[in-house]
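The values are calculated or read from the model by the stated rules, or taken from the named source; none is laboratory data. Note that the structure is a prediction, hence the values are computed from the model and not measured. With ideal geometry, Cβ positions are generated from the backbone for all residues, glycine too; neighbour counts draw on all protein chains shown.
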Amino acid sequence: MKILYSLLFLLSFGGLTRAQQLVTYTPSEDIIINPERGFYAHKQSTNAATLLKIDDLINLRENEGISLILMIYYLPDFIEGQISETALLNIETNFNTMREAGVKCVLRFAYRWNQNTRPYEPTVEIVETHISQLTPVLKTGSDVIAVMQAGFIGVWGEWYYTTNFGFPQPDFEKRNKVVDGLLNALPERRMIQLRTPTLKYGICDITSDDAINSVSAFSGTKASRIGHHNDCFLASSTDYGTYNNIEEDKAFLEDDTRYLTMGGETCNPSTYSGCTNAVAQMNKFHWSYLNSGYHHTVLSGWETGGCMTEVKKKLGYRFTLTEGIYTQEAEPGGCFSLDLKLTNLGWAAPYNRRDVEIILKKVGSTENYWIRLPENPQWWLSRMSIQMTHKIELPPDISEGTYQIFLNLPDPEPELFDRPEYSIQVANLNTWDSETGFNSLNTTLEVKSSATTEECNTSLSFKPFPRVPHLERITSVNKYNISDRVRLYPNPLGLSQDLRMEFTANHSETARLRVISFSGQIMVEEAVEIHPGSNRLELLSARKLSNGPYILSITGSRSYFIKRFSIQK
């Protein structure tokens with residue numbers, strides 16, 4: 001139960017007075033399910049033939065507390081040629097399924113999963129071709145890619161045993177072609193990961209003294225976009241070769257991972273894998289994610305050792321509100337101020353961009369307002385205390401009444417920013433609104449014309465809903481202006497009815513329409529022609545489908561929309 005002090009006191013600002021309220025918050029001890037962090041579920045597909053099942057992913061998130069999957073595609077059939085169009089479409093479908101289910105992935109591509117079959121990967125030229133083929137799919141799916149592991153080289157894509165990229169001495173000229181290709185394929189706001197610190201030294205032509213710092217972080221440079229994954233965590237003193245020079249490599253990794261992704265899996269029980277050392281190492285190296293299924297002995301040791309709950313809580317970020325001071329009443333066009341304090345109790349900061357919003361929701365009305373604050377939670381580092389102090393101007397035409405105040409930490413990606421599954425929940429009691437993804441600040445603002453006026457002197461002002469994302473949608477070819485006002489009807493679909501779709505485009509192309517069952521099976525797939533202006537399509541073959549829920553997607557140079565519908569005959 002939160003402790004609320006309703007302290008009415010007068011604060012003087014340039015001779016004016018204003019009532020404020022101090023609110024203190026009680027931390028929650030719950031394990032919080034938040035995006036892009038925590039334990040992941042391992043998924044893999046050979047030749048991209050396997051489609052993810054949406055009900056499986058929803059169950060992971062809602063019932064098992066897992067919002068992240070490791071998605072590995074092994075591509076042995078394409079080792080001598082191009083990736084098939086079917087495989088590319090299936091990869092795109094899986095991204096769409098992840099998005100609909102409210103999860104993200106750590107992504108990796110490889111060709112072999114054992115050391116007995118050679119070659120371990122294609123030639124450099126074929127790998128470059130594969131990355132080129134994948135680029136459009138990676139761009140449109142980048143919103144649900146939490147981070148991409150470099151992959152492609154060696155058994156399991158771990159960059160060790162390799163046929164064509166230099167072994168035991170790495171050929172960094174060749175390996176850089178893979179890294180550069182991936183960095184170009186992904187939007188600049190996405191990172192990739194390498195398997196060892198030594199590999200990053202060679203790829204970036206740096207030494208252990210050149211870790212990312214507060215000046216170089218998130219700058220778009222090559223080194224600032226390359227994080228780390230350790231797939232033999234705690235296995236030995238060197239984590240089975242992860243570290244060459246243990247002292248130097250660990251010092252570098254500790255600094256580098258303050259601003260870059262760190263994740264992976266345990267692979268062997270050892271004298272290093274017990275609770276005390278495991279927790280200390282995850283704290284030191286700012287771990288954000290970990291395999292939930294391997295190694296079983298190590299993980300069960302954490303259960304019996306009593307640290308598993310702490311691991312589940314602290315992987316990645318864990319933001320806890322401590323207190324806030326808020327304006328209690330203001331006039332239309334007046335000033336709202338807040339002084340909000342929180343702490344990151346997790347082991348890492350968010351490695352992808354996050355927005356910070358304050359929301360005003362009028363009680364008993366649909367009148368809502370919002371403001372995007374200038375803060376970026378990527379800078380809210382582990383164990384850091386954060387303070388946000390702002391004055392925000394109210395709209396002159398805001399109606400009088402009582403407004404609830406919320407903190408929103410949404411994903412800034414255009415197709416995710418209004419999805420509560422992708423918003424961050426703070427670790428406090430009685431704050432989370434699962435329907436909206438907003439965190440209640442447990443206070444209200446009274447807007448009334450009789451309130452005392454305060455000079456704002458601010459460039460920040462509340463705007464009426466709807467909220468709008470500030471990032472551009474990433475597309476595979478061009479950034480077309482596609483109307484977000486689409487219609488899919490009738491929904492649910494009855495007997496002998498045709499499914500109709502309406503949307504607007506500004507160019508011509510042949511797109512692909514697909515109906516996918518909730519088990520991941522493609523039920524309908526056909527080409528459709530898109531024209532400039534209004535498009536109206538009918539799906540006659542929907543009459544052949546049986547009762548139940550489905551997903552319809554239309555994708556071309558971009559995803560026009562993906563919507564859920566059901567058939568009830």
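Computed values, structure above
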{"quantity": "Leading residue by the ranking (nearest to W156 (Cα to Cα)) among those in region 180-201 that are surrounded by fewer than 16 Cβ atoms within 10 Å (Cβ to Cβ) and either among the small types (G, A, S) or over 18 Å from the mean Cα position of the chain (by Cα) (or both)", "calculated": "D180"}
{"quantity": "Listing of strands (runs of 3 or more DSSP E) fully contained in region 500-557 that carry 2 or more residues being modelled with pLDDT under 85, surrounded by 18 or more Cβ atoms within 10 Å (Cβ to Cβ) and not assigned by TED's automatic domain parsing to the domain that holds A49", "calculated": "509-517, 548-555"}
{"quantity": "Residue match in region 379-388 (condition: aromatic (F, W, Y), within 24 Å of S288 (Cα to Cα) and crowded, with 20+ Cβ neighbours inside 10 Å)", "calculated": "yes"}
{"quantity": "Residue in region 413-451 that is surrounded by the most Cβ atoms within 10 Å (Cβ to Cβ), counting only those that are assigned to a loop (DSSP other than H, G, I, E, B) and in contact with a strand residue (DSSP E or B) (Cβ under 6 Å, 6 or more places away or on another chain)", "calculated": "A427"}
{"quantity": "D397 vs. criteria crowded, with 17+ Cβ neighbours inside 10 Å and either of a type outside the set (A, V, I, L, M) or part of a helix (DSSP H, G or I) (or both)", "calculated": "no"}
{"quantity": "Index of the failed condition, S273 passing every other in (1) in contact (Cβ under 8 Å) with a residue 24 or more places away in the chain; (2) within 27 Å of the chain's Cα centre (by Cα)", "calculated": "(2)"}
{"quantity": "Residue match in region 283-306 (condition: in contact with a Cys (Cβ under 7 Å, 6 or more places away or on another chain) and part of a helix (DSSP H, G or I))", "calculated": "yes"}
{"quantity": "Some residue of region 202-214 being surrounded by fewer than 20 Cβ atoms within 10 Å (Cβ to Cβ) and either in contact (Cβ under 8 Å) with a residue 60 or more places away in the chain or closer than 26 Å to K314 by Cα (or both)", "calculated": "yes"}
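Matching residues to (1) more than 16 Å from H42 (Cβ to Cβ); (2) out of contact with any helix residue (DSSP H, G or I) (no Cβ under 8 Å at 6 or more places or on another chain); (3) in contact (Cβ under 8 Å) with a residue 24 or more places away in the chain; (4) assigned by TED's automatic domain parsing to the domain that holds S288:
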| site | (1), (2), (3), (4) |
| --- | --- |
| F95 | yes, no, yes, no |
| R118 | yes, yes, yes, no |
| Q133 | yes, no, yes, no |
| W156 | no, yes, yes, no |
| Y160 | yes, yes, yes, no |
